[in-house]
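Below: one structure, written as structure tokens.
Derivation of every value follows stated rules applied to the coordinates shown; laboratory data play no part. Here the structure is a predicted model, which is why all the values come from computation and not from measurement. Cβ: placed from backbone, ideal geometry, glycine included. Neighbour counts: every protein chain shown.
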Amino acid sequence: MLKLLKHVGVYVIMIKKTISVPEKWGPFKKQLLLELSKVGLNSIGIVLFISFFVGGVVSIQTALNLQSPLLPKYLVGLASRDSLILEFSPTMISLILAGKVGSSIASEIGSMRVSEQIDALEIMGVNSASFLILPKIIACLFFFPFLVILSMGIGMLGAWIGALSVNITTVDFLYGLKYEFISFYITYAIIKTLFFAFIVSSISAYFGYYAQGGAISVGKSSTEAVVYSSVFILVFNFILTKLILT
């Protein structure tokens, strides 16, 4: 329990140190653009690939479980839409990004810590937490919602292809996609995604920033970053769903 409280206290101190006005805007902007590229642009491919095929699987499984003359065919499109918007795109994509982006953040900052580059920044009077971590948090907060919205669209495209493979017509599928659409579900998904983006970026940065030792320590911090980010994503997924949808 004491160890947990210690981690929470150190994490809060790091966040307080991180969220501050940059001392030099020029280097900060360059770092931010670099992070936007690493976090967002380099993650588009894997998000598109996973979303398309998962969307197809969701629609096929839904169609197979709704094989009844009493159930209309358009329910496949409706169920696929709500599954992708409410749960898969915001939560599963964030978990995937926790593995890709989170491990990258932890290993990058951890390598700088064990090679004493962060100590050098501190000696020069630079707020290392703000300079290194804040751009990563901003990049995640900016790009995660964009990736999730992209995932929704590509997932529905994959769901349409999957529906066609099990003899669901395009007319029925599109009718289901539009049937009683609740626009607030998109807002709900974005709110969750912003929380998840902060969790992934800050927790991963925490484990990298306080890494100690050598290369083995960097690998350990990277693993811990992914594990704890995933755990907190699932916990906050439950909490936010309970608060927002009920």
Note to self: Here is a list: Ser20, Ser51. Which entry is under 25 Å from the mean Cα position of the chain (by Cα) and more than 30 Å from Tyr210 (Cα to Cα)?
What the structure shows: Ser51
Notebook entry, point to check: Got a number for residues in the stretch 131-179 being in a helix (DSSP H, G or I) and of a type in the set (S, T, N, Q)?
Noted result: 3
Next item on the list: Test each condition in (1) without any contact (Cβ under 8 Å) to a residue 12 or more places away in the chain; (2) in a helix (DSSP H, G or I) for Ile182 and report the one that comes out false.
Entry: (2)
Checklist line | Residue check, Leu121 hydrophobic (A, V, I, L, M, F, W, C), assigned to a helix (DSSP H, G or I) and more than 23 Å from Ser94 (Cβ to Cβ) | finding: yes
